[in-house]
1. Kindly sort Y31, Y56, Y40 by accessible area of their heavy atoms, largest first, with the probe set to 1.4 Å.
2. Suppose accessible area is computed on protein heavy atoms with a 1.4 Å probe; arrange F51, F29 from highest to lowest.
3. Applying the Karplus parametrisation 6.51 cos²θ - 1.76 cosθ + 1.60 with θ = phi - 60° to the phi angles of the stretch 44-59, what ³J(HN,Hα) value in whole Hz is obtained for each residue in order, glycine and proline being reported as x?
4. Need one value: the accessible area of K5 in square angstrom, 1.4 angstrom probe, rounded to the nearest 10.
5. Note down the accessible area of R62, probe 1.4 Å, to the nearest 10 Å².
6. For the chain, state what percent of all Cα-Cα pairs lands in each successive 10 Å bin, counting from 0 Å until the bin that includes the largest distance.
7. Can you tell me how much longer the chain between A61 and N43 gets when fully stretched, taken as 0.36 nm per residue apart minus their C-alpha distance, in nm with one decimal?
8. Out of residues 5 or more away from A27 or on other chains, whose amide H comes under 5 Å of its own, with H placed 1.01 Å from N in the peptide plane?
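The values are calculated or read from the model by the stated rules, or taken from the named source; none is laboratory data. Keep in mind the model is a prediction, meaning the values are calculated, not measured. Ligands, DNA and RNA are excluded from the accessible area calculation, which covers all protein heavy atoms including side chains. Shrake-Rupley method; radii C 1.70, N 1.55, O 1.52, S 1.80 Å.
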Amino acid sequence: RREEKCVVRLCTQKAKQHNMDIVIVDAEFQYDRKKLTVFYYSNYRVDFRDFVKDLYSIYYARIWMENVKASIDS
C-alpha cells in the first residue's frame, strides 16, 4: 500500500509534465504486479498515450486508466 501512495505522487507529477487536466485519485497494483490501475478524475476526454508509455518504462506493468467520474455517473 505504501508503494501505491508513491505511485499516486509520481502519476500526479507525470500528469503535470504532460499538461494533463486530471486529478489522480488512487493507484492499485494487482497481486502479481503485472497490472497497475490508476484511478483519476477528469471532466474531459484525455489522451494517455505518452503518459502510459512513461509509466510503463518505470513499472514494466500493464497500465489501466480508470475514470472514477464515469463510474459515479453510471
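1. Numbers: Y31 210, Y56 115, Y40 25 Å².
Ranking Y31, Y56, Y40 by accessible area, largest first, yields Y31, Y56, Y40.
2. Numbers: F51 0, F29 25 Å².
Ranked from most to least accessible, the order is F29, F51.
3. Running phi through 6.51 cos²θ - 1.76 cosθ + 1.60 with θ = phi - 60° gives 10, 6, 10, 8, 9, 4, 5, 4, 5, 4, 4, 5, 4, 5, 8, 9 Hz.
4. 120 Å²
5. Its heavy atoms expose roughly 140 Å² to the probe.
6. Distribution as computed: 19, 58, 22, 1 percent.
7. Details: separation 18, 0.36 × 18 = 6.48 nm, distance 2.65 nm.
The A61-N43 span can extend by a further 3.8 nm.
8. For A27, whose amide H was placed from the backbone, the distant partners under 5 Å are F39.
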